[in-house]
Amino acid sequence: STSSSWTSSFFSGFFSSAVRSKPLISTPEIPLRSSSGEGLLRRLGLFELVLLGIGASIGAGIFVVTGTVARDTGPGVTLSFIIAGASCVLNALCYAELASRFPAVVGGAYLYSYTAFNELTAFLVFAQLMLDYHIGAASIARSLASYVVSVLELIPFLNNSIPSWVGHGEEVLGALSINLLAPVLLALLTIVLCWGVGESAVLNSIMTTIKVIIVLFVIVVGAFEIDVSNWTPFAPYGFKSILTGATVVFFSYVGFDAVANSAEESKKPQRDLPLGIIASLLVCAALYIGVCLVITGMVPYQYLGEDAPLADAFTARGLKYVSLLISFGAVAGLTTTLLVGLYVQSRLYLGLGRDGLLPPIFSKVHPEHHTPVHSQVWVGIVASILAGLFNVHSLSHILSVGTLTGYSVVCACVVALRWNDKASSNRSSGIVYLCMVAFSGFSTGLLFRFDASIVIQCAAALVAVIFTGGLCLRHTYLEPPGFRSPGVPILPSISIFFNLFLFAQLHYEGWVRFIVVSIISVVVYAIYGQHHADPSQHHSSMLYQRAP
């Protein structure tokens, strides 16, 4: 009986901790005191935030993904990018509203779900996103190492003399793949990030500007080489291939959440965050569409190369110097993507350390540099181990699970935080409706993936329409101050539906990863998080500083 009473008390304790949530403090209540306290420094203006978003989104993907997807979809790849961009705009509008509503502290999707739903949901969102970030950083570091070696090999006396274990990776013992340069590059970027956000922003701005200029140059030069007849047929494999293409390129836009995570270092967060999120997304969309039109117009889509499609297209036209520029563009592109990725991870760890869900060492901020040094070094070490020892590209198909989960939860947060009636029965029914919209999106996606009849697909999608109608009719919605996402709850519901439709297109190993990470997270939370978390903490220890 003692053991049964212990079990019941454990579960009641676990449940009461798991459903705790953070109070939403309205922005003016948080002081912006200028002091030498341990806060982060507000040094990022609107221009830096837009460059941060572009830096996070446009990596080598623009030089690679455009071509590889074009092989499978034909010139219709342009539509794939437009569809994926449109769905990201819906997600970005939700992010923008929350970024302007919340006090300007680190946390992003984790902070929003902690406030709108509960502690356990927030911790699960963090864990799923963090795995994406860790694997993504290691994968980008390996690609960057490989590109750096390729650029070095252009020097005559180094040609083909660099061993493969330095940058390209060398398989040993079957499971391991040694890469020496990737951890070195990660260490250098970690030092820059620990030095200060101003210094990292300068590096990001320079590299992003170089990258954007190179992409624009490629588009302009390529425009003169276009043969319009290559654009017909526009969709040789039908519309389904364009939709499948959209699911692949969706992740080329993932970067605007980096802007939301820099809230605590933005000079005028309420005004600049929404603008930064949406502007960076639109710039990326325009660049991607330009590159797609050029690459499919220059070379018939069937002849596009696998590894470096854009460079091959220019080489085929006798423009070797452009392919050289593309290699430099890829190095600049990957450097910024990696820099911003590491930056965002450390700020998330900082948020969880402050809330007590992780050990307090993660919450420490360096008194002089005003950067979370411990979190930053930890993030660098994890990425270095993964990048130095494993062929992380083979894990790429379990990526993007966290991104889609995080985006869906953020959209649900917008709806939940707008509910006027806080009565628990109404709230519970609202959450059930949101879950049904998500379930409908996932099942429609599965039916689409396995070629079910269009009637059954429409029936599954109709479920989402019905429950979205329920959300409109059963609840009244507040009009919050600051930036407001239009069309709540319809727009966030469409967004959730489409995110889960994409989730269903992922590799089944991605679903397994989702379940395994969720189980591990619940165990970690039960052992550590629930006993140490303090959601009511108003960050009293933290002083906000106006930018000089």
Of the listed residues (S280, S266, S252), the one being touching a residue at least 24 places away in the same chain (Cβ under 8 Å) and in contact with a strand residue (DSSP E or B) (Cβ under 6 Å, 6 or more places away or on another chain) is S266
Sole exception among (1) in contact with a Ser or Thr (Cβ under 7 Å, 6 or more places away or on another chain); (2) closer than 21 Å to C88 by Cβ for D421, by number:
(2)
When both residues are 6+ apart or on different chains and their Cβ atoms are under 6 Å apart, which pairs have a first residue that lies in region 517-538 and is open to solvent by less than 50 Å² (accessible area, probe 1.4 Å), and a second that is of a type in the set (S, T, Y) and not in a loop (DSSP other than H, G, I, E, B)?
Q530/S17
Go through region 75-98 and count every residue that is open to solvent by less than 10 Å² (accessible area, probe 1.4 Å), within 30 Å of P481 (Cβ to Cβ) and over 15 Å from the mean Cα position of the chain (by Cα).
2
Across region 341-360, what is the number of residues that are in a helix (DSSP H, G or I), open to solvent by 10 Å² or more (accessible area, probe 1.4 Å) and more than 15 Å from V382 (Cα to Cα)?
2
Quick one: which helices (runs of 4 or more DSSP H) sit completely within region 369-475 and have at least 1 residues that are under 30 Å from T190 (Cβ atoms) and either open to solvent by 40 Å² or more (accessible area, probe 1.4 Å) or without any contact (Cβ under 8 Å) to a residue 12 or more places away in the chain (or both)?
373-389
Of the listed residues (S164, S80, S146), the one being over 21 Å from A258 (Cβ atoms) and free of Cβ contacts under 8 Å to residues at least 12 places away in the same chain is S164
Check whether at least one residue in region 157-178 is among the β-branched types (V, I, T) and in a helix (DSSP H, G or I), and report yes or no.
yes
Can we say G329 is in contact with a helix residue (DSSP H, G or I) (Cβ under 9 Å, 6 or more places away or on another chain) and open to solvent by less than 10 Å² (accessible area, probe 1.4 Å)?
yes
Would you be able to say whether some residue in region 486-493 is out of contact with any strand residue (DSSP E or B) (no Cβ under 8 Å at 6 or more places or on another chain), open to solvent by less than 30 Å² (accessible area, probe 1.4 Å) and more than 28 Å from S16 (Cα to Cα)?
yes
Under the condition of being modelled with pLDDT of 90 or more and β-branched (V, I, T), which residue from region 179-211 is nearest to E265 (Cα to Cα)?
V192
Regarding region 175-192, can at least one residue be identified that is among the small types (G, A, S) and over 23 Å from the mean Cα position of the chain (by Cα)?
yes
Tell me, please, whether a residue that is within 17 Å of G85 (Cα to Cα), open to solvent by less than 10 Å² (accessible area, probe 1.4 Å) and outside any helix (DSSP H, G or I) can be found in region 258-269.
no
Select, from I277, I289, I242, the only residue that is open to solvent by less than 10 Å² (accessible area, probe 1.4 Å), at pLDDT 80 or above and under 15 Å from T78 (Cβ atoms).
I242
All but one of (1) assigned to a helix (DSSP H, G or I); (2) touching a residue at least 40 places away in the same chain (Cβ under 8 Å); (3) closer than 21 Å to D227 by Cβ; (4) over 24 Å from the mean Cα position of the chain (by Cα) hold for G290; state the number of the condition that does not hold.
(4)
Residue pairs meeting the criteria (Cβ under 9 Å; at least 6 apart or on separate chains; first outside any helix (DSSP H, G or I), in region 190-216; second basic (K, R))
G196/R43
Would you call T336 closer than 19 Å to G59 by Cβ, in contact (Cβ under 8 Å) with a residue 60 or more places away in the chain, crowded, with 24+ Cβ neighbours inside 10 Å and not hydrophobic (A, V, I, L, M, F, W, C)?
yes
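The values are calculated or read from the model by the stated rules, or taken from the named source; none is laboratory data. All values derive from a computational prediction rather than experimental measurement. Neighbour counts are summed over all protein chains in view; Cβ atoms, including those assigned to glycine, are modelled from backbone coordinates with ideal geometry. Areas reflect the complete protein model, heavy atoms only, side chains present, ligands, DNA and RNA absent. Shrake-Rupley method; radii C 1.70, N 1.55, O 1.52, S 1.80 Å.
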